[in-house]
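No value in this document is a laboratory result; all are computed from the given coordinates. Remember, it's a predicted structure, so these values are computed and weren't measured experimentally. Using ideal geometry, Cβ is built from the backbone for each residue, glycine included, and neighbour counts are taken over all protein chains shown.
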Amino acid sequence: MLPGPNELTDRYVALWNETDPERRRAGVERLYAPDATYVFYRRDPIRGREAIVAQMAYTHEIYDPMGYVFRSGNNATGHHDVIRFNWVMVTAGTGEMEMAGQDILVLDEDGRIRYDYQFHDRLPTSFVYNDGYEQHGVAVRHARPERVGP
């Protein structure tokens, strides 16, 4: 039986916010299929659970020091094996939105994520989004987002 759309997206967003590496790894094991593929802005597809765990760790290296967390838009809709939902990245202390986007998740027959497609609808305005990747998706430097203004 497939999970309800908002139930799944709540677990998904909680996983991306998880700061403990071991709990994050265990969450990927539960939520993603073994051969899952994650596709997002400016990167070649990331394939397999280990690569997804590594991407989540990389995301934490970038955004945790800046005080950002992700929130679900609580608007997940789904049919058959596909779920679409919006998310925002906010400043944890104030709730001010920095980035927004949506994901489209394709589930396997066990309700685990087989494909995860991420789209960015709004890029941050309070920092320069230097994610360490060039347009071709190859890492060329360590990501160091830099704040804009005071």
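Data overview
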item: FRET efficiency, Asp44 to Met66 (Cβ-Cβ, R0 30 Å, nearest 0.05); result: 0.75
item: Full-stretch length increase - Thr125, Gln102 - with 0.36 nm per residue and alpha-carbon distance subtracted; result: 6.5 nm
item: Cβ-derived FRET efficiency at R0 22 Å, Asp10 paired with Thr94, nearest 0.05; result: 0.50
item: Charge tally in the Cβ shell below 15 Å around Asn6, where Lys, Arg are +1 and Asp, Glu are -1, Asn6 excluded; result: 0
